[in-house]
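All remarks here apply to the structure that follows.
The values are calculated or read from the model by the stated rules, or taken from the named source; none is laboratory data. From a predicted model like this one, the values you see are computed outputs, not experimental measurements. Here the Cβ positions follow ideal geometry from the backbone for every residue, glycine too, while neighbour counts run over all protein chains shown. Accessible surface areas use protein heavy atoms only, side chains included; no ligands, DNA or RNA. Shrake-Rupley method; radii C 1.70, N 1.55, O 1.52, S 1.80 Å.
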Protein chains: 2
Amino acid sequence: MSSKSGMEQVLVENEVQQVRLLDSVNDDHGGVIVELSESMDSKVFASMLKASLALWRSQGKRGVWIKVPIELVNLVEAAVKEGFWFHHAEPKYLMLAFWIPEGAHALPANASHRVGVGAFVMNKKREVLVVQEKSGIFRGTGVWKFPTGVVDEGEDICAAAMREVKEETAIDTEFVEVLAFRQSHKSFFDKSDLFFVCMLRPLSFDIEKQESEIEDAQWMPWDEYVAQPFVQKHELMKHLVGICKAKEDEAYFGFSPVPITSRISDEKSYLYVNDRDLKGSKVRMSQTA
Amino acid sequence: MSSKSGMEQVLVENEVQQVRLLDSVNDDHGGVIVELSESMDSKVFASMLKASLALWRSQGKRGVWIKVPIELVNLVEAAVKEGFWFHHAEPKYLMLAFWIPEGAHALPANASHRVGVGAFVMNKKREVLVVQEKSGIFRGTGVWKFPTGVVDEGEDICAAAMREVKEETAIDTEFVEVLAFRQSHKSFFDKSDLFFVCMLRPLSFDIEKQESEIEDAQWMPWDEYVAQPFVQKHELMKHLVGICKAKEDEAYFGFSPVPITSRISDEKSYLYVNDRDLKGSKVRMSQTA
C-alpha cells in the first residue's frame, strides 16, 4: 500500500473537469482501497465515486475496495448502483468490492469458517478439568465438559486454547498439541466450523470459575467423566475419549505448533506438525548415514 | 425453524393497531429470522420493522436476523437506524443482526478464517505432481508448486484437495491424510487463513492441464522439485519437504478423516485423527487384556 491518489484534477472522457475524488491507497494487487470516514450526502458520494472509477479505469486499476463504517450506511446504496457488491462485513463496517477489468474477478474469497477450540487438561491424579456452562445447549443439563471457545480475530489456535482455559477456570497451562479436529458445515447459516481438540498441560491447580459464563468447574476423575451418558451416547465424544486415553498411554501423537516466518511478510505464524514422527525420522536418517 | 408469525393484528403499547408485520420464522435459539424478498419503500419497511420489533419484544424473542438481498440495499439504512448491525455478508446479501434482551448479545461470531488446501501427490516413480500458475504471486517465476486452492462453501477439506488436483491436472486421486496445517493472520484485511497440506494417492497418470488457471503441469522427479530455490529458501517449504520425505519413508503419520454423525442434526461431518496411533493403541490394549 502506498501513493495516495486523492484530490486531483483529471481529464475524463475528453472534458476538463475539476472533480473531487475519493481518497484511496493502492493495494499490493493492482487495486485500490477506499476507507470512508467523512459523513456526506449520498448524491455527492455518488458523483465522487463515478469520477474516481473513471480515473482508476484509465489507470488500469483492477480491484476496488470500499470500507463503509456503519455510521455511513447511507452511502452503501449509491455504491451498489455503480456495480459494487458485498464482500464481507463485521459489526462496525461493510466491505464493498468492484472489479474493473473485463472477465471474472480475482479478489480473495471471503472467510468461510469459524474456528473453535476444546481443551483436554489432565493433572497427575488422572483428573480432567471440566466445566458446566451457564448458557448454550448444555445449560441446566448437568453435563461436565471440556472448556471450549471461539478463536478471536487474529488469534493463534494454541493461544486461544490456553486463553479459554484461563478465562473459564483460572488454570494456567502449557500448550502440548492438537489431538484432532472436526470440520462441520452449516453451523450458522451457510458458514462452516473447524473445531480443534487440544491437549494442554496444567501449570496450576486452584480453580476459580468465571462468573459470567461458567456455572461450575472442577477436576473430575477421568473415569467419572467418561461414564457420563453425554459422553457414552455421542460418536464424536467416544472418539475423543479413545484419543485422550491413547494420549494418556503415550501411544498417540497429534500436531504441535512450530513457529515459522511467513514468506511474504516477517510475521510469525504456526505450522502444526506431527513433531514426534518428524524427529524420529531425522534420528533414523542420521543413524543410516 | 417453524411457525410463521407474518401478517397479524397486534396489540402494541396499549393501542389497537392494524399493522403489517415482516414475515419471519423462529430460529432454534429463541430468535427470529427475516428473509426480505419483496422490494418496498424504505419508509414502509421502517414502520413494519418497528411494529415487528415491538411484537417480538413482547413475545420475549432474543436475536433478530434480517437477510437483505443486494437488490434491496435501499432497506439497510432503515434497519441500522433501528439499532441493527452488520453480522456478515456475501456477494449477494447482507445479514443484519439485533439483540432484544438487555445485556451482551449471544449471537454466534462471524466466520474468521478462509481455508485453503495444498496437495502432495507422488507416484511410484518418486515423481511429484506440480503446476505452474497463470496468475498470483508465482506467475511467470518458473516455480513448480503443489496444486493448491480454496475450500468452497460447505465443502470438506478432503473433497477440496481431490477437486483441486482434478481441476488443475485432471488426475484422479484418493485422499490419504492431512500432513500438517498452517494458521496465518491478516491474509486479507483482518481475516485469517488455515492452510491444510494434504497427501493424496494418484489413481490416474495422464495429465491434462486446466486452461484457465494453469500455465503448465507435470510429474517432476522429487529431487528436482526439492532443488528449486523457491523450496530451499523458504522456511515453510523446507518443513514441508521434511514431512513429505518422512512420509515417503513411512515414518510420518498425519490426520486422516473419520466420518461421524453430528450431535444435533443427522449430517455427516469428518473428524481428522492420527488413525495409525489410534489403531496401534487399540491393538496394544487388546494384547494386554
How large is the charge dipole for chain A, taken about the Cα centre, if only the Cβ atoms of Lys, Arg (+1) and Asp, Glu (-1) carry charge, to the nearest 20 debye? 860
Anchor A:K81: lysines whose Cα lies under 23 Å away (excluding residues fewer than 8 positions away in-chain): A:K43, A:K50, A:K61, A:K67, A:K92, B:K43, B:K67, B:K81, B:K92
Accessible carbon and sulfur surface of the stretch B:77-191 relative to its total accessible area, %, 1.4 Å: 51
Any idea how far apart A:A227 and A:A46 come out in nm if each label point goes 7 Å out from Cα toward Cβ? 7.2
For the stretch B:29-154, accessible area per residue (1.4 Å probe, heavy atoms of protein chains only), Å²: 43
Candidates A:P101, A:P221, A:P202: whichever shows maximal mean-square fluctuation once chain A is modelled as a Gaussian network with Cα springs under 10 Å: A:P101
Select from the stretch B:95-115 all residues whose loss of accessible area on going from the chain by itself to the full protein assembly reaches 10 Å² or more (probe 1.4 Å). B:M95, B:P108, B:A109, B:N110, B:A111, B:S112, B:H113, B:R114, B:V115
Using a ≥ b ≥ c from the Cα gyration tensor of the stretch A:68-186 (square roots of the eigenvalues), is it rounded, prolate or oblate, where a/c under 1.5 gives rounded and otherwise the larger of a/b and b/c decides, a/b for prolate? prolate
Report P(r) for chain B: all Cα-Cα distances, bin width 10 Å, range 0 to the bin holding the largest distance, values in whole percent. 5, 20, 23, 16, 16, 12, 5, 1, 0
Calculate the spin-label point distance for B:E235 paired with A:K279, positioning each point 7 Å from the Cα along the beta-carbon direction, and give it in nanometres. 1.9
Would you work out which of B:M122, B:A109, B:P91 lies farthest towards the positive end of the dipole of the stretch B:90-133, given +1 charges on the beta-carbon of Lys and Arg and -1 on that of Asp and Glu, about the Cα centre? B:M122
The stretch B:188-240 versus the stretch A:158-231: alpha-carbon centroid distance in Å: 35
Sparse-neighbour loop sites [chymotrypsin sites (Phe, Trp or Tyr not before Pro); the stretch A:141-245; at most 14 other C-beta within 10 Å; DSSP]: A:F205
Among beta bridges that DSSP assigns inside the protein assembly as shown, antiparallel share in %, nearest 5: 80
Helix-only [θ]222 nm of chain B, DSSP H runs n ≥ 4, -39500 (n - 2.57) each, per residue, nearest 500: -8000 deg cm²/dmol
What's the buried accessible area, both sides, between A and B using a 1.4 Å probe, rounded to 100 Å²? 7600
Taking every residue in B:175-187, how many Cβ atoms of other protein chains lie within 10 Å of its Cβ, on average? 6
Listed residue pairs exceeding 19 Å between alpha carbons, taken from A:K166/A:K186; A:K124/A:K238; A:K145/A:K233; A:K145/B:K279; B:K124/B:K245; B:K134/B:K238: A:K166/A:K186; A:K124/A:K238; A:K145/B:K279; B:K134/B:K238
